[in-house]
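Undergrad: Quick one: the structure is below, questions incoming.
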Amino acid sequence: MSQNTSPPAATRAGLADRLPRWLVPNLTGVHLVAVFIALLLIGLLLVPVAQVMIVAFQDPATGAATLQNFVDFFRTSLFRESFWNSFYVSAMSVVVATVIALPLAYITTRFHFSGSILIQSLGFIPLIMPPFVGAVAMQLIFGRNGTVNLLLRDWFGFDIPFMEGLNGVILVQSIHYFPFILINLSASLRNIDRSMEEAAQNLGSHGLRLFRRIVFPLAMPGYIAGAALVFIKVFDDLGTPLLLNVNNMLAPQAFLRISSIGISDPMGYVISVILVVFSVLSLWASFLFMRGKDYATVQKGGGGMAKRTLKPAEKALAYATVIFILLLVLSPHIGLLLLSFGTIWSFAPLPDGYTFQNYVTMWEGSKTFIMNTVLYAGIAATLDVIIGTAIAYIVLRTQIFGRKGLDYLATAALAVPGVVLGIGYLRTFHAIDVPFTDKPMASWWVIIALALMIRRLPYALRACTAALQQVSHALEEAAESLGATKRRSIQKIVIPLMTGGILAGFVTSFATAAVELSATIMLVSSNNDAPLAYGIYLFMQTPSGRGAGAALGIVAVIVVAIGTIASQIIIERDKKLKSSGDAH
Amino acid sequence: MKKAGITIENVHLAFGDTEVLKGVNLDIQPGEFFAFLGPSGSGKSTLLRAIAGFGPTPKGRILIGDRDVVGLDPWKRNVGMVFQSYALWPHMSVRDNVAFGLKERKVPSAQIKTKVDAALELVDLAHLADRMPNQLSGGQQQRIALARTVVVEPDVLLLDEPLSNLDASLRVHMRRELLRLQRQLGLTTIFVTHDQEEANTTCDRMAVLDGGVIQQVGSPLELYDRPENLFVANFLGTANILEGKVEVDGNERRFVTNTGDQLSLPEGSTGEGGNIVLRPQNISISRTQAADSLPGTVQHSEFLGSQIRYLVSAGGTEIVVDQSHRAGHDWIETGADVHLVANTQSAVVL
Ligand SMILES: Nc1ncnc2c1ncn2[C@@H]1O[C@H](COP(=O)(O)OP(=O)(O)OP(=O)(O)O)[C@@H](O)[C@H]1O
Ligand SMILES: [Mg+2]
């Protein structure tokens, strides 16, 4: 911490020393890095988002401040409807996701149930597929002429409009996002001490009443955290409604206005403001709710969580529930797989025949997409872990003024929907040319990579922070006391020890950036620059391209799956390594 | 409030393959304040929880009043249990915590209010009714947990180390409080503890457990003065145990230690075993020899205020001797040769 020791009072003579310290910072390498990152975040996150906000409050003709755009927005019935639909779809997705997650979380945490591990791992499978990818497959299974309804009509003479209009969006989204609730709710349930339940049983309560009055309220903080996340994700999502051809929602409206009318139309910006406000509000609401409600009750003298053995009838019911839910959850994957290997699939419960042709077509038509994806996601993930490590170091190991601000700024990207960032980039960078050319930056492929970088930064930052927290400060100090400079000790000690965590952060960032659609779709200016996610979107536009689109979707799922598994393995191995290091 | 006794008949209980209770038999009288005392892992909590209906179903019979409750769901037993961690629900106010059991019993809400108020009054915390549990001190939480349990008028009250989370001075206060409450309500109460002072000062009778087996049952005084085995003798207070054998010579009975020292036993004494148990306060120490005295050397001494505790090597072992201290009384220095005289009236041969 040598840069922080103030000089002895006697030597404070010069003018510079009499100015406040922050005016004459004692700059070191770390300071320069901090300033550079701050500028980068300001330029790539703060300015574009601010730009969007400002335009929403400007008169498009004169540039004067006005609320007229918002008045116009709410005067247009299509927008009012879109607003209501977005809200309705998000809320209903939370409800349906809860119905899926609640039994799984409860059964796996409170009972001895041999399927628990299966559920805990299969439960995460939806997350490895971007929701829009599964959307088309879901049409084929649950749509009006999909497998389920064809069978229902044949056997019982009625059908269920699972996929009609908003229903389709709700079904796809809740199947995709319920793991957020499952993960958080399971963690909360696991943290409830068994004496909490036993005390209630002792006082005469049991079964559903006990669950409703004691268990669920105690698990509430975890549930709310998960539910808020689902709400925001669904509210912001562009890909799924677009692919299901549901355009009367906010995100699709913003996209359509900007892409069809142009970046001067204020409605896209008004919608962006609404999206951001809702994101921030739901994050804030969940924060408010959670405050002072840390109900983790496993405590001294308690017995931790008690698992009960199921009676045979209960067991049968539990298995039936779990199998039904897992089938539902895996249906997009099954559908996508069938579609990718199917010849023709329409008005039939299953494809007419099976072939590899789709993969051949896909490969011929999407080499560029795949190459682009590797390039963009590679750049984004590399920058993410570099910046993430730097921020983590600055926050945890230095006293630099405003270091927390850096953390908050990077994390703030969580609250910025992809559509909004895309619009912000279009607006900000259309007026700036790519260095040494006269092409606007907004249509330069690098911008896509940077957008992906900003979108994934919060996750990479969390991974890097966690990795650094595991590296004891004493190790670094030991190196310094042996004569290593700050830079050398970071290079030789800190970074090598963080490798596992950084690698895990890289892999996750890469895998999720590879299938990002909502910011990408706004920024792709030509098919040559398009990544995989956009490619899937293009393929899925035509019935004849669906097979190849599905094949590309399978590629995407495999990429993300490998990434997820790899990062898990890295984290586990790292943990083992670290703990064996501690023992000696 | 009706009083119910508890009868435990030949109860065995295992977690998987490990048997934790190995044939427990016990009779607890209605209205009695009963303690389970024993070292950690001896099965006290397991036995208590079996009475409340938690944990694996035991073999044997557990009667509350005259109803066998083995296999009965916990919520059908009307047994009140206070948990070591208190288990107050953090999302409910004090009032809601206390009212919980009454609501489960579908008591009309007007009555609930009166009963809750009375219960809070009983533990002196009526003024805290609207607080949340995390706004209470440990002792207050403890009393709320008690109020929450007694408000439903259980047939018996079970307390699992209720004082162990409190600091020492509060613990003494709370155990008196507990005793007052128990006497006032007349509830059959079982109190689990591994602190013998706690058990001695509160309970009418107690059972000492070790290794899932009841070693002895009786009043604190009986157990202290007449331990039935070495475990009980050692576990309750300090015991000096000398090895040897009993020799009978006509009417006279003597205990001859392995070192050849003789202690004559009082008339009518029983016990034929190879150990004699002597409490430190029943041995006197002197510089001069007397009849039946044991020679020894002072190894160490401690001044404890009202007493001086000597550690004397004699009879093939180290013997603890407590002498009450009076001003001007002489303090025997370390290394001195002394003679111990045991009051064998209170000795126990096992
Ligand atoms: N859920 C369980 N599964 C397996 N073994 C258990 C379980 N609960 C308790 N045991 C074992 O049963 C034995 C008795 O435990 P119990 O909790 O009754 O002891 P205790 O006398 O209450 O001890 P303490 O004074 O530490 O509370 C111990 O050996 C313990 O390891
Ligand atoms: Mg115990």
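Undergrad: Which of the three applies to the range A:525-574, rounded, prolate or oblate, going by the alpha-carbon gyration tensor with a ≥ b ≥ c and a/c under 1.5 meaning rounded?
TA: Since a/c reaches 1.5 but b/c is at least a/b, the shape of the range A:525-574 is classed as oblate.
Undergrad: Give the carbon-plus-sulfur fraction of the accessible surface of the range B:6-233 in %, rounded to a whole number; probe 1.4 Å, heavy atoms of protein chains only.
TA: Answer for the range B:6-233: carbon and sulfur cover 49 percent of the accessible area.
Undergrad: Still on this structure: Over all residues in B:68-78, what is the mean tally of Cβ atoms on other chains that come within 10 Å of each residue's Cβ?
TA: Taking all residues of B:68-78 together, the mean is 3.
Undergrad: For B:94-106, what's the mean count of beta carbons from other chains sitting within 10 Å of each residue's beta carbon?
TA: 3
Undergrad: On full extension of the chain, what length is gained from B:E302 through B:E222, given 0.36 nm per residue of separation minus the C-alpha to C-alpha distance?
TA: Once the chain is fully extended between B:E302 and B:E222, it gains 25.9 nm.
Undergrad: Between the alpha-carbon centers of the range A:61-119 and the range B:99-130, tell me the distance in whole angstrom.
TA: 41
Undergrad: Rounded, prolate or oblate: which fits chain B, taking a ≥ b ≥ c as square roots of the Cα gyration tensor eigenvalues, rounded meaning a/c under 1.5, else prolate when a/b beats b/c?
TA: Because a/c hits 1.5 or more and a/b exceeds b/c, chain B counts as prolate.
Undergrad: Lys/Arg Cβ at +1, Asp/Glu Cβ at -1, dipole of the protein assembly as shown taken about the Cα centre: which of A:S567, A:N247, A:A519 is farthest positive-ward?
TA: A:N247
Undergrad: Related question: Taking all protein chains in place and a 1.4 Å probe, what share, in percent, of the accessible surface of the range A:331-376 do carbon and sulfur account for?
TA: Ligands and nucleic acids excluded, carbon and sulfur reach 74 percent.
Undergrad: Next up: What is the distance in Å between the Cα centres of the range B:50-81 and the range B:137-163?
TA: Measuring centre to centre over Cα atoms gives 19 Å.
Undergrad: Can you compute the modelled spin-label distance between A:T542 and A:S77, with each label point 7 Å from Cα toward Cβ, in nm?
TA: Result: 3.6 nm between the two label points.
Undergrad: Let me ask something else about it. Between A:A478 and A:R212, what is the FRET efficiency for a Förster distance of 56 Å, r being their Cβ-Cβ separation, to the nearest 0.05?
TA: Between A:A478 and A:R212 the formula returns 0.55.
Undergrad: Further question on the same structure: Roughly how far apart, in whole Å, are the Cα centres of the range A:33-59 and the range A:462-506?
TA: 31
Undergrad: Now for a separate question. Quick one: if the Förster radius is 51 Å, what FRET efficiency do A:L330 and B:V213 give, using the C-beta to C-beta distance and rounding to 0.05?
TA: 0.45
Undergrad: So, for the protein assembly as shown, what is the accessible surface per residue at a probe of 1.4 Å, expressed in square angstrom?
TA: Accessible surface, normalised per residue, equals 45 Å².
Undergrad: Given a cut-off of 30 Å, name the pairs among A:K307/B:K59; B:K22/B:K106; B:K22/B:K115 whose C-alpha atoms lie farther apart than that in the structure shown.
TA: In this structure, B:K22/B:K106; B:K22/B:K115 exceed 30 Å between Cα atoms.
Undergrad: Would you mind putting B:40-52, B:304-316 in packing order, based on average other-beta-carbon counts within 10 Å, highest first?
TA: Per-residue Cβ counts within 10 Å, averaged per peptide and sorted highest first, yield B:40-52, B:304-316.
Undergrad: Another question, then. Before anything else, pin down the relative contact order of the range A:473-549: Cα pairs under 8 Å, at least 6 apart, normalised by residue count, whole percent.
TA: So the answer I get is 17 percent.
Undergrad: Along the positive direction of the dipole of the protein assembly as shown (beta-carbon charges: Lys, Arg +1; Asp, Glu -1; about the Cα centre), which of B:L21, A:L414, B:A147 reaches farthest?
TA: So the residue furthest toward the plus end is A:L414.
Undergrad: With every protein chain present, what accessible area does A:W363 have (1.4 Å probe, heavy atoms only), rounded to the nearest 10 Å²?
TA: About 130 Å², ignoring ligands and nucleic acids.
Undergrad: Say each of B:Q289 and B:A14 gets a label point 7 Å from the Cα, pointing the same way as Cα to Cβ; how far apart are those two points in nm?
TA: It works out to 6.0 nm between the two label points.
Undergrad: Just to be sure I understand: if you take the accessible area of chain B alone plus chain A alone and subtract the pair, with a 1.4 Å probe, what total do you get in Å², rounded to 100?
TA: 2300
Undergrad: Now, a different point. Between A:A431 and A:L39, what FRET efficiency follows from the Cβ-Cβ distance if R0 is 22 Å, with the result rounded to 0.05?
TA: 0.70
Undergrad: About its Cα centre, what dipole magnitude does the protein assembly as shown give when the only charges are +1 on Lys and Arg Cβ and -1 on Asp and Glu Cβ, stated in debye to the nearest 20?
TA: 2500
Undergrad: Residue separation times 0.36 nm, minus the C-alpha to C-alpha distance between A:I160 and A:A320: what's the value?
TA: Full extension of this stretch gives 55.5 nm more.
Undergrad: So how far apart, in nm, are the two label points at A:T28 and A:Y354 if each is 7 Å from Cα heading toward Cβ?
TA: Roughly 6.3 nm, to one decimal.
Undergrad: For chain B, what does the relative contact order come out to in percent, with C-alpha contacts under 8 Å and a separation of six or more?
TA: Result for chain B is 16 percent.
Undergrad: While we're on this one: Going by the alpha-carbon gyration tensor, a ≥ b ≥ c the square roots of its eigenvalues, is chain A rounded (a/c under 1.5) or, if a/c is not under 1.5, prolate (a/b greater than b/c) versus oblate?
TA: Note, shape of chain A comes out oblate.
Undergrad: A follow-up question, please. Please state the relative contact order of the range A:384-498 as a whole percent: Cα pairs under 8 Å, 6+ residues apart?
TA: Rounded, it is 32 percent for the range A:384-498.
Undergrad: B:L170 label point, 7 Å along Cα→Cβ, cut-off 12 Å on backbone N: hits in the range B:98-137?
TA: Of the residues in the range B:98-137, B:135-137 have backbone N under 12 Å from the label point off B:L170.
The values are calculated or read from the model by the stated rules, or taken from the named source; none is laboratory data. Worth saying up front: this structure is predicted, and the values here are computed from it rather than measured. Don't worry about glycine lacking a Cβ; one is built from the backbone with ideal geometry, like all the others, and counts go over all protein chains shown. We work out accessible area using only protein heavy atoms, side chains counted, and drop any ligands, DNA or RNA first. Shrake-Rupley method; radii C 1.70, N 1.55, O 1.52, S 1.80 Å.
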